[in-house]
Structure formats: C-alpha cells, structure tokens
Amino acid sequence: MRQPFVAGNWKMNGSRASARKLIDGIKQGIDSVATAEVAVCPSFVYLADVQAMLSDTRIALGAQNFSDQKPGAFTGEIAGDMLKDFDCKYVIIGHSERRALYGETDELVASKFITALEYGLRPIFCLGELLEERQQDQTESVIARQLDAILALPGGVEGLSKAVIAYEPVWAIGTGMTATPDQAQSVHAFIRERIAEKDANVAAGVQILYGGSVKPDNAVELFSQNDIDGGLIGGASLDAGSFLTICRAAGA
Ligand code: PGA
C-alpha cells in the first residue's frame, strides 16, 4: 500500500508574513487530514521560519531546488547539507520551470537526483511533456527519455525507492487546464510499467504524484485513479483552505 502524499510547491511567491500565515492555517486544519503525508516547499529564505513553525507537527519540509555540487565556490547556490541543516526531508528536482527557464538538462537533473540521495534528501523528481509534444503523440517518448536519465544511473532504480515521482504535463501547470483523470492515469501507468521492467518491487512501491492545476474541485477524481498517489500542488497550495481540501482528497 502506497501512502498518499501531497506537497505544496510555493514557487517564488509570498512574503515572510504570508508564509507564516499560510503555515498557521495549515497547522490549524492538519488534523482533518488522516492518512496523507503532507509537505510544504517554501522559498529558501523562508525555510528557517517554516522549520521552526513545523517543529511540533507532522508536516514535512522540502526545498524547491538545490545544487548538485558539494559546498564550495558556487556563488548563489544552495548545497544539500544546507537543506539538511533546516530539516528538509524533500527537494524538488527537474521541475519544468527549471528545465525551461534555467536550462536544466536531463543530465543535470540526474546529477541532482544522485546528490540528493547522498545527502539523505528524498528527491521529488518531476517530469512531463510540452503541449506540442502531446499533440504530436510524443508524450510517452518524452516521459521515457526523462525517466531513463534516472533509470540509467548506477543505483538509479534503487534510488527511486527513496524518491517520489511527480508527473506534471507542462501544458497543465499554472494554466487551469488539468489533465483528465484518464490522461494522467495513462501516463502514471506508463511510468510504473517502465520502472517495473527494471524492478517490479520498486515500481509497485514508488509514489507517483500528479501536478498541474490540481484544485479542490478536481483532486478527488484525479487521486482516485489507480496509479495516482497524490499531488504536487502549485497555485492552490498558497491558500490553506484549498491546500487542506486537496490533502483530504488524497487521504482523509
Ligand atoms: P500548479 O503548479 O498547481 O499551479 O499548476 C504545479 C507545479 O508546478 O508543481
């Protein structure tokens, strides 16, 4: 049985005050979420505040990015052990915004994946196709390429047993255009089958989240699909009420 999991990706939003208010709201309602694990991924600069506020809760902390390098002369970067210093359990890697806007390649994402595991961080590994790729019937080949970058690593398949996967069709992110439950389920099943070709146990155990315009009114249907184990939530994670409703949809 895979535990349902919902993570909030706050992206580059909010202020110190709004981050505190959001965490307060989530804490107040978290007891209504019975079975799902819940995590929030604030901006780096709010990690210390959020860590302190979460210390007496079961809500986990994650970061949105980090460097694949060991500490050293890398101006502007954040190392894995710095995230561990703030009790981060998760780190998002390979988000489509990082791939598209900051030139992150499959190779760099794979390097971050391995580095995260070395630091004892659980990667939330994102993958997903562009609209043109879906229209040209390339969804599965794109997903296969992105996934194979991890599967081809020495220890990559075993690494997936300590990671979470997030399928996020790029055309659905922040657009209000959610994948239908069938579209999402079909890609989730494809991902699980491809992992199963290497290791059936890892495939059966790995949580695969859906992300892309998940809202309180579509979460139940998405999360009821066989291979959808929860969600990576952007916009709707910035409102405590919406986020909690989505968490309950995953595991009330
Ligand atoms: P969205 O973002 O929920 O705002 O579409 C999801 C994500 O990018 O992780």
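Below, the figures for the structure above:
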quantity: Note, ³J(HN,Hα) from phi for the stretch 153-159, Karplus 6.51, -1.76, 1.60, rounded to Hz, x at Gly and Pro; calculated: 6, x, x, x, 5, 4, x
quantity: Spatially close lysines, pair count over the stretch 5-250: Cα under 14 Å, gap of eight or more or interchain; calculated: 4
quantity: Total charge dipole magnitude, the stretch 5-250, about the Cα centre, Cβ charges on Lys, Arg, Asp, Glu only, Debye to nearest 20; calculated: 660
quantity: Label-point separation in nm, Lys198 to Thr175, each point 7 Å along Cα→Cβ; calculated: 2.9
quantity: Selection of GluC sites (Glu not before Pro), the stretch 124-212, meeting DSSP coil and at most 11 other Cβ within 10 Å; calculated: Glu197
quantity: Two-site FRET efficiency, Ala100 against Asp217, from Cβ-Cβ distance with R₀ of 22 Å, rounded to 0.05; calculated: 0.20
quantity: Kirkwood Rh and Cα Rg combined as Rg over Rh, evaluated for the stretch 120-252; calculated: 0.96
quantity: Inter-probe distance in nm under a simple model that places probes 7 Å from Cα toward Cβ, at Ile30 and Gln135; calculated: 4.4
quantity: Cα-based Rg / Dmax (Å) for the stretch 1-74; calculated: 13.8, 45
quantity: Per residue accessible area of the chain, 1.4 Å probe, in Å²; calculated: 44
quantity: Loop-located chymotrypsin sites (Phe, Trp or Tyr not before Pro) in the stretch 91-137 whose Cβ has at most 10 other Cβ within 10 Å (DSSP); calculated: Tyr102
quantity: Whole-Å semi-axes of the ellipsoid equivalent to the chain (Cα gyration tensor, √5λ, descending); calculated: 25, 22, 17
quantity: Whole-percent pair-distance distribution, where bins are 10 Å wide, for the alpha carbons of the stretch 162-220; calculated: 23, 49, 24, 5
quantity: The stretch 5-250: relative contact order as a whole-number percent, Cα under 8 Å and 6+ apart; calculated: 21
quantity: Residue with peak Gaussian network fluctuation, the chain [Cα springs, cutoff 10 Å], from Gly235, Gly76, Gly14; calculated: Gly76
quantity: Pairs of alpha carbons in the stretch 1-125 whose separation is greater than 20 Å (percent); calculated: 45
quantity: Cα-projected label distance for Ala144 with Gln225, points at 7 Å along beta-carbon direction, nm; calculated: 1.9
quantity: The chain, accessible surface, carbon-and-sulfur percent (1.4 angstrom probe); calculated: 51
quantity: Interatomic Cα distance distribution for the stretch 81-144, bins of 10 angstrom, percent; calculated: 21, 43, 26, 9, 1
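The values are calculated or read from the model by the stated rules, or taken from the named source; none is laboratory data. Not measured: the values here are computed from a predicted model. In this analysis, Cβ positions are derived from the backbone assuming ideal geometry, glycine residues included, and neighbour counts consider all displayed protein chains. Heavy atoms of the whole protein, side chains included, go into the accessibility calculation; ligands, DNA and RNA do not. Shrake-Rupley method; radii C 1.70, N 1.55, O 1.52, S 1.80 Å.
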